[in-house]
Amino acid sequence: VGRKVANLNSALYASPELAARIGRGESVHILGFSGYPEGAEWMGEQLPDMGRVIVSSNNMDVLCELAALGLGATEVPCYIGEFNDSLVRISEPHTFRFAEAWLLYHPQLRNLRRVHLLVDHLVSAFERPAPAFEGKLKPLGSTG
């Protein structure tokens with residue numbers, strides 16, 4: 001049994017300095033997420049002067065740190081990028097490859113009042129940070 005708790009989007013993020021250089025038409029290197037080759041195609045649409053992928057990692061914290069250092073732009077879920085004060089969003093959000101977050105529980109628990117109360121509480125707790133999940137917390141090009 002499940003209830004959807006959030007829509008998940010991702011966007012491109014970079015350091016403010018790199019974002020300014022991109023605004024002047026400079027090429028930017030990509031910090032890619034391992035195992036997600038289709039992300040490079042979308043990045044190419046967002047960055048007409050896209051450089052090569054210089055790092056590929058399966059650790060989003062590492063990608064964010066490298067992006068904050070100005071080494072390149074990276075695509076991360078908005079719920080990570082929107083709260084990172086060292087990064088600015090340089091693209092509009094788009095549907096992340098995992099488009100939704102769900103709260104799941106065993107069907108045998110569906111008739112328990114305490115489970116319903118907990119599920120209702122958790123679903124409502126996700127409503128407040130919804131703009132961060134969808135990439136609507138920071139204006140485009142802003143650190144916060």
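The values are calculated or read from the model by the stated rules, or taken from the named source; none is laboratory data. Predicted model, so just to flag it, every value in this text is computed and none were measured. Positions of Cβ are generated from backbone atoms using ideal geometry, with glycine treated the same way; all protein chains shown enter the neighbour counts. Remember, those area values only see protein heavy atoms, side chains included, never the ligands or the DNA or RNA. Shrake-Rupley method; radii C 1.70, N 1.55, O 1.52, S 1.80 Å.
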> Considering only residues of region 91-112 that are open to solvent by less than 80 Å² (accessible area, probe 1.4 Å) and assigned to a loop (DSSP other than H, G, I, E, B), which is nearest to Leu18 (Cα to Cα)?
Replying inline: Ser91
> Could you give every pair whose Cβ atoms fall below 7 Å, whose first residue belongs to region 110-126 and is farther than 10 Å from Arg3 by Cβ, and whose second residue is of a type in the set (Ser, Thr, Tyr) and surrounded by 12 or more Cβ atoms within 10 Å (Cβ to Cβ), counting only separations of at least 6 or pairs across chains?
Replying inline: Val115/Tyr105
> Restricting attention to region 46-61, which residues are over 18 Å from Glu26 (Cβ atoms), part of a helix (DSSP H, G or I) and open to solvent by 60 Å² or more (accessible area, probe 1.4 Å)?
Replying inline: Asp61
> Quick one: is Ser124 more than 12 Å from the chain's Cα centre (by Cα) and farther than 24 Å from Phe33 by Cβ?
Replying inline: yes
>> Considering only residues that are assigned to a loop (DSSP other than H, G, I, E, B) and loosely packed, with under 14 Cβ neighbours inside 10 Å, which ones fall in region 113-135?
In response: Glu127, Arg128
